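The values are calculated or read from the model by the stated rules, or taken from the named source; none is laboratory data. As the structure is a computational prediction, the values presented were derived from the model and not from experiment. Here the Cβ positions follow ideal geometry from the backbone for every residue, glycine too, while neighbour counts run over all protein chains shown. Only protein heavy atoms, including side chains, enter the accessible area calculation; ligands, DNA and RNA are left aside. Shrake-Rupley method; radii C 1.70, N 1.55, O 1.52, S 1.80 Å.
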Amino acid sequence: MGYRRQDWLAYWLLKWLVVNPLFRGLYFGRTYGQENVPRQGSLIIVSNHASYLDPPLVANAVRRPVAFMAKEELFQVPVLKQVIRLYGAYPVKRGGADRSALRATEVALVQGWAVGIFLSGTRTPDGRIPHPHLGAALVAARTQTPLLPVALWGTEKVLPKGSRWPRLFCPITVRIGKLLPPPASSEKAELQQTTAACVEAIHALLDQGR
């Protein structure tokens, strides 16, 4: 995984000419906790997920490129596939362990990327995380990378499941929590403990509301 120079330019143009103006202007966007984001080095960003808009909003909030897993079907959609690749997305097969996607995640972290992982694995109607997956904690344990909890508030109203077009003027807030250490090992109990801590942090941020 890597960016050519022209890809970096296109990434930042898309961020500052499209994503950030939409976030600030049409959705009255607020961001809290940006001082908690390491400016360099590998990082796993764990977040809730309620909308297709969530990946660019997370990257916009943390102010650094973030590579996201995305279901492979999205890479078959014209235009969208170019946009999500620009945002560092890479395909993952749903319904089972995708070892190639896990390897791509680990390679990205070794290269110093921030990697975004939605703990629910898919969108949820209220933005909460009822059944978190252990994948983020497993990658964190194997690479000894810290985890950064991020909560997206209000995005479930913008582009909920079943909607073809985004709704306008829905307030959105992004809250960034404190860094959490990676699990000490890949033992299941350790992964569950770290995942529970991530979910607790994200829900606490969500509960702060607007």
Inset, instruction - Scan Leu134, Leu159 and give me the residue that is closer than 27 Å to Tyr27 by Cβ and either surrounded by fewer than 23 Cβ atoms within 10 Å (Cβ to Cβ) or not acidic (Asp, Glu) (or both). - result: Leu159
Inset, instruction - Using the structure shown, decide if Arg103 is open to solvent by 50 Å² or more (accessible area, probe 1.4 Å) and either assigned to a loop (DSSP other than H, G, I, E, B) or at pLDDT 75 or above (or both). - result: yes
Inset, instruction - Inspect all residues belonging to region 185-203 and state whether any of them is in contact with a Lys or Arg (Cβ under 7 Å, 6 or more places away or on another chain), open to solvent by less than 60 Å² (accessible area, probe 1.4 Å), in contact (Cβ under 8 Å) with a residue 24 or more places away in the chain and over 28 Å from Glu106 (Cβ atoms). - result: no
Legend entry - Candidates Leu152, Leu179 - the one that is in contact (Cβ under 8 Å) with a residue 40 or more places away in the chain and open to solvent by 40 Å² or more (accessible area, probe 1.4 Å): Leu179
Legend entry - Looking only at region 146-192, and only at residues there that are of a type in the set (A, V, I, L, M) and in contact with an Asp or Glu (Cβ under 8 Å, 6 or more places away or on another chain), the one that is farthest from His203 (Cα to Cα): Ala184
Inset, instruction - Assess whether Tyr87 counts as being modelled with pLDDT of 90 or more, among the hydroxyl-bearing types (Ser, Thr, Tyr) and either open to solvent by less than 20 Å² (accessible area, probe 1.4 Å) or under 17 Å from the mean Cα position of the chain (by Cα) (or both). - result: no
Inset, instruction - Quickly run through region 60-84 and pick out the residues that are β-branched (Val, Ile, Thr), modelled with pLDDT under 80, open to solvent by less than 70 Å² (accessible area, probe 1.4 Å) and within 15 Å of Leu14 (Cα to Cα). - result: Val83, Ile84
